[in-house]
Structures are given as C-alpha cells and as structure tokens.
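See structure below.
The values are calculated or read from the model by the stated rules, or taken from the named source; none is laboratory data. What you see is a predicted model, and the numbers here were worked out from it, not measured in a lab. So basically every Cβ, Gly included, is an ideal-geometry build from the backbone, and we count neighbours across all protein chains shown. Heads up: the accessible areas ignore ligands, DNA and RNA and are worked out on the full protein's heavy atoms, side chains in. Shrake-Rupley method; radii C 1.70, N 1.55, O 1.52, S 1.80 Å.
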Amino acid sequence: MRTKVSLFFLIVICLILQCTLMPAISIASVTPNLMISFTVSFGLMRGKKSGMLIGFFSGLLMDMMCMVLGYYVVGFRAFIYMYIGYLCGYCYQIFYDDDVKMPVLLTAAGDLIYGLVVYTLQFLLRGRVDFFFYLKRIIIPEMIYTVLVTLVLYRVFLFLNNKIEKTAKRSVDSFV
Amino acid sequence: MKKNTIEEHTKSKLILFFLSLFCGIMIIASFALEFTNSPLKDAVGVVLTPIQSGINQVGGWFSGKMDYFEDNLKLVAQNEELKSQVDQLTVENTQLLQDKDELNSLRDLYELDHKYETYEKVGARVISKDDSSNWFSTFTIDKGTNDGLAVDMNVMSGAGLVGIITDVGPNWATVRSIIDDYSNVSAQITETEDTCIIAGDLSLTDEGTVRLVKLNDPNSKAKVGDTVVTSQISDIFLPGILIGYISEIGVDSNNLTSSGLVSTVVDFKDIKEVLVIKNLKQKAE
C-alpha cells in the first residue's frame, strides 16, 4: 500500500514537472517527455505489472492534463504509455539496475513509438502527409532530448526506487 | 515457485487486457460524450494552475534579472532610434486623427454605425505554453470565469489576433492560438474585401506564418503585403481584428480559388500577456 501511494505521488510530481519545468528548459521549442522516461525506467526496475500500472496512470493523468488544454481524447495516452511500461517490464529479468544503456535505449524506442502513434492518429489522419518534416522537426529531436533527460535523471529514479523497495521490505520484516 | 510465476504472468496479462478495454471505452466515450463540463477537469485545472503560475513567477524573476544586466549601449542606441520614430509617428498620428474626425462626422451624416466599436478588454498573463508536448500550440492564461471569461472569447496581443478561448475554469482559461494545427479562422483581405480561411499548420510554426486557403479571388487582385483581418461572417471571431500580412499568394490548381501564406503580426514565440475581448460575437439563435 505504502509503495503504491509513494509511486502515485512520484507520478504526480513528474506530471507537475512535465507541465512546468520541462517547457521552461525546452530547446528550439522541443520539450523532453519526462513521463516516458519515468515509465520506462520504473518499468525496467520493477517489472511488467508495475510498469504497466505506472504507465497507465501516467498516461491517464497526461490525458486529463490535455483535457484541460482542450484535446478531449481520454484514454489515448493511457493506452500507449501502458503498453510501453508493459513491454519495458519484459526486460526486467535481463537487466542490471545500474546499467544505464538499457533505459536509454528503451526510452529512445518508447518515445519514438509515442511520436509515431501521435503523428499517425492526430496528423496523418487529417491529411498531413509530410511525414519526414514531422520526423525531423519533432519526433527525432524530442527523442534525443528525452534520452538526455533520462541519462541525467536515471540515477535519481534508481535512488527513489531503491528507497521505496527498502521501505517496503522493512515494513514486511517488522510485520513478521 | 514455478507455478507462482506462471500465475503472476497470467494475472498481469489479465490486468493488461482489462485496462486496454477500459482505455478503448474511454476513447470512444470521449468522442461520443462531451467532457467539457466535467468536474474532474475543473479539479485538475484548479490544482495545477497555482503551481504553474508560481513556477512561472520564479522563472520570470530569473529572466528579469538577466535582462537587467543587458548591454547598456544597446539600450541607448535603441532609445535614440525610438525617439526619432516617435517624432515621425506623432506627425502621422495628428494627420490620422484629423482624418478620423472627418470620417466620423461623415459617418454621422450617413447615420452609419461606427465600424469598430470599442470592445471591452481584460488583460491576462500566460502561465503555461503548449500542452507540454510538442504537437500543439495552446496555452493557459491565469483568468477564468471568476473574471467573467467564457468560451469563444477572442484573445489578442498588441494589435493582432492570438486565438480563441476553447475552455475555461474558475481561475484559468485555455487559448488555442491561430497557428495551432486544428485552428481555422474565417478572414478577409482588407484591400479587396474577399473572404478566405486562415488555417494554422504545425509545419509553418517556425516561420511564424499561417496558411491562407480558399480565397475567392477570380481576378487575382490580392497581392503580397495586403492586410488580412477577421471577417464579418465568422461565427465566433469579431470582425476587423488584424491577423497579419500576405507574404505569398498564388492561384490554386482548380483556377477558382487562391491560397498562400500570411505572416502573423503577433510573435507567438514570445507571448507573456494577452488581452481577452469580453464581447462575444452576436449569434443568430
């Protein structure tokens, strides 16, 4: 329970940072996607089920945020983020926590998928066919910037996750 | 142990299946139903707005300090230049004022309504730009229904049209700018009085231009440099608000309509304060 509550709080904090800090540090009006980075990292560190739920709630909160901004498709980001978290959970067993290569690679892949899905559903279907423009101007820069953010923040995520796991273990021990 | 893992595996697959189903239903529901007035959304807005405006103030303070140390010489030179510009503009202004008086008296003679009544405006601060992803051009301002704002009010910055309020909460409102990919504005060219549509396009955002389409101009009278303003026939935009100037124009392949590009008068990269016009366009019920 305690783990769940602290994870939920982390998601909310990430969302607030995504809405405030991330636009402030955007370069050439490209904003990094902190939520993808968060979902991928925690999916990798905690496994399939956890990654899936974290992705789902991150996406759902992002959807609500976007609802405030006037794009009313709720469940759309929740769906993408959930699958990204779930697929990252598959790498849980073959992954050492302090290896930074894996999260970086998966973040890149996750953000690429996210960009492609958003482009296809919200732009291609309305007849914006200049795919390479969107790839060059938005999808690839966002991916690179998100990877950089992951490189910096992964240590922080790792520390937070260790803390959460340690607390959970201690409370179980004291219970027994 | 082995059985346990398998059970865990199926369980997580089951959850995945149900959550996917939930997402699907939500997506369909959000197309079928209007979520515009949900209390949930209001709650998100009410919680996030103060946090955003707080962090924005911190950022603004820092950038203000940076600006303070800006090169002094540059400011002096700029001052000189502006002074000469003021002189020039004063002369022009006196002439224009005289013209305006004459025009008004002539209009009174003809008993015409004054074309641009003075709209009631309220200033607001931009507290967050983008939907924090890179695909859209909307922003949030720090006033809402508490200050008398409502959906469909026009938003200006300086002399030009910025966009329209699409959503409003107690202490915030969302503005969709005219450069957003989803935006379409009914407009007309002042010189020729032909109507057209101004459509935002993400691929033109960097150049600060918007697309001009469906211009009904059989004699190709419109030329580069002409002024584009909102039209009389728009449902939601008030007439006569400046949008920008034509920077490119050409006849479409159907030989009936023209299209081109319009460079906006508002610099969308650098919007900090906006003016919201509190008058709504009159509608036929």
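Scanning the stretch A:107-118 turns up one or more residues that are out of contact with any helix residue (DSSP H, G or I) (no Cβ under 8 Å at 6 or more places or on another chain) and within 28 Å of residue B:6 (Cβ to Cβ). Given the structure, is residue A:6 part of a helix (DSSP H, G or I), among the small types (Gly, Ala, Ser) and over 15 Å from the mean Cα position of the chain (by Cα)? Answer is yes for this residue. Within the stretch A:102-113, not a single residue is farther than 18 Å from residue A:150 by Cβ and of a type outside the set (Gly, Ala, Ser).
Among residues of the stretch B:96-120 being open to solvent by 100 Å² or more (accessible area, probe 1.4 Å) and either at pLDDT 80 or above or in contact with a Pro (Cβ under 6 Å, 6 or more places away or on another chain) (or both), the one that is farthest from residue B:275 (Cα to Cα) is B:102. If the condition is being crowded, with 21+ Cβ neighbours inside 10 Å, under 27 Å from residue A:136 (Cβ atoms), at pLDDT 75 or above and at the interface with chain B (Cβ under 10 Å from one of its Cβ atoms), then the stretch A:15-45 contributes A:18, A:19, A:22, A:31, A:32, A:33, A:34, A:35. Residues of the stretch B:247-259 include none that is within 30 Å of residue B:147 (Cβ to Cβ) and part of a strand (DSSP E or B). Summed over the stretch B:247-267, the residues that are under 18 Å from the mean Cα position of the chain (by Cα) and open to solvent by less than 30 Å² (accessible area, probe 1.4 Å) give a count of 4. Condition check: in a helix (DSSP H, G or I), over 15 Å from the mean Cα position of the chain (by Cα), of a type outside the set (A, V, I, L, M, F, W, C) and within 23 Å of residue B:127 (Cβ to Cβ). Does residue A:20 satisfy that? For residue A:20, the condition - in a helix (DSSP H, G or I), over 15 Å from the mean Cα position of the chain (by Cα), of a type outside the set (A, V, I, L, M, F, W, C) and within 23 Å of residue B:127 (Cβ to Cβ) - is met.
Within the stretch A:125-142, residues that are within 16 Å of residue B:182 (Cα to Cα) have Cβ atoms under 9 Å from residues that are of a type in the set (Lys, Arg) in these pairs: A:134/A:128, counting only partners at least 6 apart in sequence or on another chain.
For the stretch B:167-211, a residue qualifies if it is in a strand (DSSP E or B) and β-branched (Val, Ile, Thr), and the qualifying residues are B:168, B:174, B:175, B:185, B:189, B:195, B:197, B:198, B:209, B:210.
Among the candidates B:150, B:159, the residue that is open to solvent by 10 Å² or more (accessible area, probe 1.4 Å), at pLDDT below 80 and of a type in the set (A, V, I, L, M) is uniquely B:159. Of (1) of a type in the set (Phe, Trp, Tyr); (2) more than 26 Å from residue A:164 (Cα to Cα); (3) modelled with pLDDT of 75 or more, residue A:71 satisfies all except one. Which? Among (1) of a type in the set (Phe, Trp, Tyr); (2) more than 26 Å from residue A:164 (Cα to Cα); (3) modelled with pLDDT of 75 or more, residue A:71 violates only (3). Would you say residue A:77 is at the interface with chain B (Cβ under 8 Å from one of its Cβ atoms) and not aliphatic (A, V, I, L, M)? The answer is no for residue A:77. Exactly one residue among B:35, B:22 is out of contact with any strand residue (DSSP E or B) (no Cβ under 6 Å at 6 or more places or on another chain), over 15 Å from residue A:20 (Cα atoms) and either outside any helix (DSSP H, G or I) or at pLDDT below 70 (or both), and that residue is B:35.
The set of residues in the stretch B:46-67 being at pLDDT 70 or above and either small (Gly, Ala, Ser) or more than 26 Å from residue B:146 (Cα to Cα) (or both) consists of B:53, B:54, B:61. At least 3 residues being open to solvent by less than 30 Å² (accessible area, probe 1.4 Å) is the threshold, and among the helices (runs of 4 or more DSSP H) wholly inside the stretch A:46-154 those reaching it are A:48-68, A:76-89, A:101-122. Examine the stretch B:125-143 for a residue that is touching a residue at least 24 places away in the same chain (Cβ under 8 Å), facing chain A (nearest Cβ under 10 Å), among the small types (Gly, Ala, Ser) and in contact with a Cys (Cβ under 9 Å, 6 or more places away or on another chain), and state whether such a residue exists. Checked the stretch B:125-143: at least one residue is touching a residue at least 24 places away in the same chain (Cβ under 8 Å), facing chain A (nearest Cβ under 10 Å), among the small types (Gly, Ala, Ser) and in contact with a Cys (Cβ under 9 Å, 6 or more places away or on another chain).
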